[in-house]
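The values are calculated or read from the model by the stated rules, or taken from the named source; none is laboratory data. Worth saying up front: this structure is predicted, and the values here are computed from it rather than measured. Note that we place each Cβ from the backbone using ideal geometry, even for glycine, and neighbour counts take in every protein chain shown. What goes into the accessible areas is simple: the full protein's heavy atoms, side chains included, and nothing from ligands, DNA or RNA. Shrake-Rupley method; radii C 1.70, N 1.55, O 1.52, S 1.80 Å.
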Amino acid sequence: MNAAVREALRRIGLATFVSAVLGFFALPLLWLAFAPFDANPGIAASPPEFTLHNFKVLMDNPYALASLRNSVLLAAGTAALVVTAAALAAYALSRVRVPGRDALLYVLLLLSSIITGTAAMVPVFLLAFNLHLIDSRLGVVLVLTGGLLPAAIFLLKDFTDATPASYEEAARVFGASPLQILRHVVVPVIRPGLATVAVWTVAQVWGDFLMPFLLLRNPDKAPASVIMYTFYTEGGQPDLALISTFSLLYSLPVVLMYLFVSRRYGFRFHGGIKR
Amino acid sequence: MAPPTSPRAEAAPPRAASPRAASFGEDAAGLGRARAAAFTAPALILVAVFLVFPALWTLYLGTTDYRLTGIAASDPRFVGADNYRDVLGDGEFHRSLWLTLQFVVGSAVVGQTLLGFAIAWVMRDRSGPVRRLVEGLVLLAWILPSSVIAFLWIALLDRDGGTLNALLGTPGTAWLLDHPMACVVVFNVWRGTAFSMMLYGAALGNVPPSHLETARLAGASTWQTLRDAVLPRIRGHVLTSLLLVSLWTFNDFTPFLITAGGPDGRSEIMSVYVYRTALGDGRLGFGAAISLLMILINLVIALVYLRVLRSRRAPGNAGEAAA
């Protein structure tokens, strides 16, 4: 009897906890789910009067779509640079014995975790200013690349370390040059690693606010993260129709990417994160 | 927010044992030192210029009266330790330090850790739609872009038409003006719990079921089970996640998007404080001095983290570390 009561209480407690967690996490998201399709989006989440008119408002805004294109440019540029530079470095560090290699990697990783955008915004701003990289997308790409590279090299070195050297040796016996070996043997084998690093980089850059906010002046060049911020500070009242549809469009790529990664590679933790 | 790393161990064919293959040794592709250096150079140069140099420059900038505009912009003067003395004696700095402590301890160390663990614990032996829904929502809060999330919270807490006021029947309550710091803390718990949840989920999978079973048969309460059977097995994970979420939260700029540090600096955590003094007010030297203090705090957290990680990867613990 007593045990039955305790069991019942336990179940009620669990159900309450799960409902509270669901409510807490769902509440802010409701607006994102409803407002884009609401004929009269208010600030409070409410079941919509269905319409797609808001997406037309979005198409008509000169900055909205351009900013999404800028986000793509920044993310793709950074990902290309990070993957290329990290793959070359990780491969060389994995295969050729360099004195002090482990210490170098250790220090790089340490530096990248302590010199963050927020802690280093003053010198980064001045550096960009002196290199004439203010208001340049390339500047944002370079700064972000510098910050992401150490972790990317670390991730990729794991993959290259796991590549059996016999593949490369076999290719070499047939007279392939080191670059050919890299292109035709190593790259295909570590492709999952390259994809992981690329997806990770894109996710980091896609949501980043601080660096483009700091380094870009011209709204024509600003990515979605920054442009969105201007939709509701300039002009006094927030343009809810615009913000809601824009938020949805801007969020979709990361959600799709997450779904893709979790299907393909399993979104679980193996190994230490950021080792 | 590094992603999971799953080095897929390719099924390694047995190594050709020919003397020829063995002679290539470490350098299987025949790269050679010179080419290896050339391969490594682009990455190292980028890191040196855009990561290491800024940090070193901060050291110098912090000792000057560098400003964004005016005379001190073209010809900064060396002022020695003045900036550091000013920063450490500044009431606004003390306030931002205190707010940052509330932010990190309240939202990351206590909030995300406890909530993340609680969710992982409750969901540990469940499957099906409820678990997928809970985990999906928590992850969504983590992966959506910060600008979007920030606006969702502004809408939720809005004074006039906010969802929260509509739900609670408290129209006109200006949450962001009355309790800015509490809002930011709760927001960050919402935003960042996913990481702790996933980490503890993985860690709990490591606790041998037999231990839990034994505890249950012995009639241990949930609390006793956690303390005696679970916690000893996942101590390393707890320490890891505490250090990482502290580091990330300490360097988070997202609160700026919600309150911009206001009203009257009542939610001006250190990242926002640096932004306002350095680029808002244009006092670059002063801002650099605060930056250096931030980097030093980061350094302490990161060194402890790497030390913990190293000891966990030590041979005796390899099984746990590889989890």
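For segment B:200-210, which residues satisfy the criterion of being among the hydroxyl-bearing types (Ser, Thr, Tyr) and within 26 Å of the chain's Cα centre (by Cα)? Residue satisfying the conditions is B:Tyr200 alone. You will find that of B:Gly116, B:Gly111, B:Gly70, B:Gly62, the residue that is modelled with pLDDT under 90 and within 12 Å of another protein chain (Cβ to nearest Cβ) is B:Gly62 and no other. Of all residues in segment B:213-240, those satisfying the criterion of being under 18 Å from B:Asp125 (Cα atoms) and charged (D, E, K, R) are B:Glu213, B:Arg216, B:Arg233. Highlighted here are the helices (runs of 4 or more DSSP H) found entirely within segment A:88-185 that include at least 3 residues which are in contact with a Ser or Thr (Cβ under 9 Å, 6 or more places away or on another chain) and not basic (Lys, Arg): A:121-130, A:137-161.
Being facing chain A (nearest Cβ under 7 Å) and surrounded by fewer than 24 Cβ atoms within 10 Å (Cβ to Cβ) is the filter here, so list the residues in segment B:278-294 that pass it. The answer is B:Leu279, and nothing else.
Taking the residues in segment A:196-225 that are polar (S, T, N, Q) and open to solvent by 20 Å² or more (accessible area, probe 1.4 Å) as candidates, determine which candidate is farthest from A:Leu65 (Cα to Cα). The qualifying residue farthest from A:Leu65 (Cα to Cα) is A:Thr196. The set of residues in segment B:193-236 being farther than 15 Å from B:Glu135 by Cβ, open to solvent by 20 Å² or more (accessible area, probe 1.4 Å), outside any helix (DSSP H, G or I) and not hydroxyl-bearing (Ser, Thr, Tyr) consists of B:Asn206, B:Pro208, B:Ala218, B:Gly219, B:Ala220. Report, by residue number, each residue of segment B:100-112 that is crowded, with 24+ Cβ neighbours inside 10 Å and either outside any helix (DSSP H, G or I) or of a type in the set (Ser, Thr, Tyr) (or both). Result: B:Ser107, single match.
Right, A:Lys274: part of a loop (DSSP other than H, G, I, E, B), modelled with pLDDT under 85 and charged (D, E, K, R) or not? Spell out how you get there, then give the answer.
On the way: part of a loop (DSSP other than H, G, I, E, B): yes; modelled with pLDDT under 85: yes; charged (D, E, K, R): yes.
Here the answer is yes, as A:Lys274 does meet what is asked.
Condition (residue is without any contact (Cβ under 8 Å) to a residue 12 or more places away in the chain, assigned to a loop (DSSP other than H, G, I, E, B) and not basic (Lys, Arg)) applied to segment A:205-217: is it met by at least one residue? Break it down stepwise before answering.
Filtering segment A:205-217 for residues without any contact (Cβ under 8 Å) to a residue 12 or more places away in the chain gives none.
No, that holds for no residue.
Reported count of residues in segment B:113-124, each being among the small types (Gly, Ala, Ser) and either surrounded by fewer than 17 Cβ atoms within 10 Å (Cβ to Cβ) or more than 22 Å from B:Glu135 (Cβ to Cβ) (or both), is 1.
Could you run through segment B:127-160 and say how many residues are charged (D, E, K, R) and either more than 9 Å from every other protein chain (Cβ to nearest Cβ) or closer than 17 Å to A:Ala26 by Cβ (or both)? Walk me through it before giving the result.
Step one: filter segment B:127-160 for residues charged (D, E, K, R), giving B:131-132, B:135, B:158-160.
Now narrow it down to the ones that are either more than 9 Å from every other protein chain (Cβ to nearest Cβ) or closer than 17 Å to A:Ala26 by Cβ (or both): B:131-132, B:135, B:159.
Adding up the residues that qualify gives 4.
Taken over segment A:243-266, the criterion of being within 11 Å of another protein chain (Cβ to nearest Cβ), more than 17 Å from the chain's Cα centre (by Cα) and at pLDDT 80 or above is satisfied by A:Ile243, A:Ser244, A:Phe246. Return the total of residues in segment A:29-72 being facing chain B (nearest Cβ under 10 Å) and more than 13 Å from A:Ser244 (Cβ to Cβ). Here the count works out to 1. Would you mind stating whether B:Leu244 is surrounded by 16 or more Cβ atoms within 10 Å (Cβ to Cβ) and at pLDDT 85 or above? It is true that B:Leu244 is surrounded by 16 or more Cβ atoms within 10 Å (Cβ to Cβ) and at pLDDT 85 or above.
Among the residues of segment B:174-187, those that are modelled with pLDDT under 90 and either surrounded by 17 or more Cβ atoms within 10 Å (Cβ to Cβ) or basic (Lys, Arg) (or both) comprise B:Trp175, B:Leu176. Within segment A:170-192, the residues that satisfy the criterion of being within 8 Å of another protein chain (Cβ to nearest Cβ) and either touching a strand residue (DSSP E or B) at 6+ places or on another chain (Cβ under 8 Å) or open to solvent by 50 Å² or more (accessible area, probe 1.4 Å) (or both) are A:Arg172, A:Val173.
Do we have A:Thr230 as out of contact with any Cys (no Cβ under 7 Å at 6 or more places or on another chain), of a type in the set (Ser, Thr, Tyr), more than 10 Å from chain B (Cβ to nearest Cβ) and surrounded by fewer than 22 Cβ atoms within 10 Å (Cβ to Cβ) here?
On the way: out of contact with any Cys (no Cβ under 7 Å at 6 or more places or on another chain): yes; of a type in the set (Ser, Thr, Tyr): yes; more than 10 Å from chain B (Cβ to nearest Cβ): yes; surrounded by fewer than 22 Cβ atoms within 10 Å (Cβ to Cβ): yes.
When the stated conditions are applied, A:Thr230 passes them.
Checking the structure you have, find out if any residue of segment B:211-229 is touching a residue at least 40 places away in the same chain (Cβ under 8 Å) and within 26 Å of the chain's Cα centre (by Cα).
Looking only at segment B:211-229, we keep the residues that are touching a residue at least 40 places away in the same chain (Cβ under 8 Å), and these are B:226.
Filter again for within 26 Å of the chain's Cα centre (by Cα), leaving B:226.
Yes.
Being at pLDDT 90 or above and either of a type in the set (A, V, I, L, M) or closer than 30 Å to A:Ala165 by Cα (or both) is the filter here; which residues of segment A:198-213 pass it? Correct list: A:Ala198, A:Thr201, A:Val202, A:Val205, A:Leu210, A:Met211. Taking the criterion of being open to solvent by 100 Å² or more (accessible area, probe 1.4 Å) and of a type outside the set (S, T, N, Q), the residues of segment A:1-11 that qualify are A:Met1, A:Arg6, A:Leu9, A:Arg10, A:Arg11.
B:Asn165 fails exactly one of the following numbered conditions: (1) more than 9 Å from every other protein chain (Cβ to nearest Cβ); (2) within 28 Å of A:Ala15 (Cβ to Cβ). What is the number of that condition? If we test B:Asn165 against (1) more than 9 Å from every other protein chain (Cβ to nearest Cβ); (2) within 28 Å of A:Ala15 (Cβ to Cβ), just (1) comes out false. Which of the residues spanning segment A:12-52 are among the hydroxyl-bearing types (Ser, Thr, Tyr) and open to solvent by less than 50 Å² (accessible area, probe 1.4 Å)? Across segment A:12-52, the qualifying residues are A:Ser46, A:Thr51.
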